1. How many residues, within the range 180-204, are assigned to a loop (DSSP other than H, G, I, E, B) and not hydrophobic (A, V, I, L, M, F, W, C)?
2. Within the range 1-38, can you find the residues that are out of contact with any Phe, Trp or Tyr (no Cβ under 9 Å at 6 or more places or on another chain), more than 10 Å from the ligand (Cβ to nearest atom) and outside any strand (DSSP E or B)?
3. For residues in the range 94-114 being part of a loop (DSSP other than H, G, I, E, B) and either acidic (Asp, Glu) or surrounded by fewer than 23 Cβ atoms within 10 Å (Cβ to Cβ) (or both), which is farthest from the ligand (Cβ to nearest atom)?
4. LEU194 is checked against (1) within 17 Å of the chain's Cα centre (by Cα); (2) loosely packed, with under 14 Cβ neighbours inside 10 Å; (3) of a type outside the set (Asp, Glu) and fails just one. What number does that condition carry?
5. If you check ASP86, ASP60, which single one turns out to be more than 16 Å from the ligand (Cβ to nearest atom) and over 15 Å from the mean Cα position of the chain (by Cα)?
6. Answer yes or no: is there a residue in the range 48-70 that is touching a residue at least 60 places away in the same chain (Cβ under 8 Å) and part of a loop (DSSP other than H, G, I, E, B).
7. Given the conditions (1) of a type in the set (Asp, Glu); (2) more than 13 Å from the ligand (Cβ to nearest atom); (3) closer than 18 Å to SER19 by Cβ, which single one is not true for GLU178?
Amino acid sequence: MARLKLGVLGSGSGSNMQSIMDAIGAGTLDAEIKIVLSDVKDAYILERAAKGGVENAYLDCSPWKTKLEGEAEDRCISVLKEKGVDTVVLAGFMRIVKPKLLAAFPNRVLNIHPALLPAFPGVASWKQALDYGCKVAGVTVHFVDAGTDSGPIIVQKAVPVAEDDTPETLHARIQVEEHKAFPEALSLLAAGRLSVVGRRVVVAPAD
Ligand code: GAR
């Protein structure tokens, strides 16, 4: 299969993007990151990308606060296309992406969500799980569809919730699994082992 050409969108620290860079560096993921874009000007994800020698830029998404739409969405698609991106990775991108971007990269937009979907879509999902009293929490990597955190599931990993967890300690435990889950999902994609059948992602056996 051809090496993945990734465009990464993120809003925060970029630890997931780092795990992808590390997997590429370690030779366990056949991909290259063509561009990293952030809707937050001083997000650490941009600094991480720069340190790793990866092209990066701020993407002004105004006037929208929670979605990527209109002129900003057009700019985003043009940049991704210009850079030769074939797969879009939402690595802590805190905006809803809209059908135009999805249509530009059909079945090639992946998101990581810090919960065992379909439980707890939306924001601060680890806190939602803790407040609900869950004994198990986790992470989901999924293809993005037109809904919110609703697309076909590629990889999930569970973690226990400890009696004395705070939102921060639980999120930290989930993030350890996130950093395995995203490279794993992308490796399956790179190996051509994923097909979407209805709601299900079918994973073909390794050669
Ligand atoms: C991660 O926990 C990711 O799952 C979450 O944001 C964090 C980003 O961390 N994403 C969402 O909540 C999306 N709804 P990072 O910037 O260190 O990768």
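1. Count: 4.
2. Hits for the range 1-38 are MET1, ALA2, ARG3, MET21, ASP22, ILE24, GLY25, ALA26, GLY27, THR28, LEU29, ASP30.
3. It comes out as PRO106.
4. (2)
5. Going through ASP86, ASP60 in turn, just one is more than 16 Å from the ligand (Cβ to nearest atom) and over 15 Å from the mean Cα position of the chain (by Cα): ASP60.
6. No, there is no match, as no residue in the range 48-70 is touching a residue at least 60 places away in the same chain (Cβ under 8 Å) and part of a loop (DSSP other than H, G, I, E, B).
7. Of (1) of a type in the set (Asp, Glu); (2) more than 13 Å from the ligand (Cβ to nearest atom); (3) closer than 18 Å to SER19 by Cβ, only one is false for GLU178: (2).
Rule-based calculations on the coordinates, nothing more; no lab input. On a predicted model such as this, the values are computed, not experimentally measured, just so you know. Counting neighbours? That spans all protein chains shown, and the Cβs are built from the backbone with ideal geometry, glycine included.
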